[in-house]
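Shown next, in structure tokens, is the structure this report addresses.
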Amino acid sequence: MSAMSTKRRQKTKGGTNLNANEVIRQNIASRGIKQNYVAEKAGIAPELFRRSLAGERKIPADEFVAICNVLALDIKDFRPQNAPAI
């Protein structure tokens, strides 16, 4: 894990929140989907997508929306586990 993604991670009473890139990376891994497939469907260059998932690059809003659409993720999927329901 890069120092950048570790640095931006925030502690909460219930544990550690995951950054958006970590939530996306875990979702891809748990489904057994290839990162290149998601990058292609989202219209993102594979190298940029890899850097985003590694925490080496911030994910621009338009790419974030495209990735969420490909993976059928909802904004609630990024909510900390101990956060109140919205």
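Listed by first and then second residue, the pairs with beta-carbon distance under 7 Å, at least 6 apart or on different chains, first residue in the range 62-76 and charged (D, E, K, R), second crowded, with 17+ Cβ neighbours inside 10 Å and part of a loop (DSSP other than H, G, I, E, B), are Glu63/Ile44.
Here is a check on your reading of the model: is Glu56 at pLDDT 95 or above, assigned to a helix (DSSP H, G or I) and acidic (Asp, Glu)? Considered against the rule, which asks whether it is at pLDDT 95 or above, assigned to a helix (DSSP H, G or I) and acidic (Asp, Glu), Glu56 comes out as no.
Residue-level check: of (1) in contact with a helix residue (DSSP H, G or I) (Cβ under 9 Å, 6 or more places away or on another chain); (2) assigned to a helix (DSSP H, G or I), Lys76 misses just (1).
For the range 38-49, check the following and say yes or no: at least one residue is among the hydrophobic types (A, V, I, L, M, F, W, C), at pLDDT below 95 and either surrounded by 14 or more Cβ atoms within 10 Å (Cβ to Cβ) or assigned to a helix (DSSP H, G or I) (or both). No. Looking only at residues that are buried (at least 18 other Cβ atoms within 10 Å of the Cβ) and among the aliphatic types (A, V, I, L, M) in the range 50-67, which one is farthest from Pro80 (Cα to Cα)? Ranking the candidates gives Ala66 first.
The values are calculated or read from the model by the stated rules, or taken from the named source; none is laboratory data. Because the structure is predicted, anything quoted here is derived from the model rather than measured. Neighbour counts run over all protein chains shown; Cβ positions are idealised from the backbone, glycine included.
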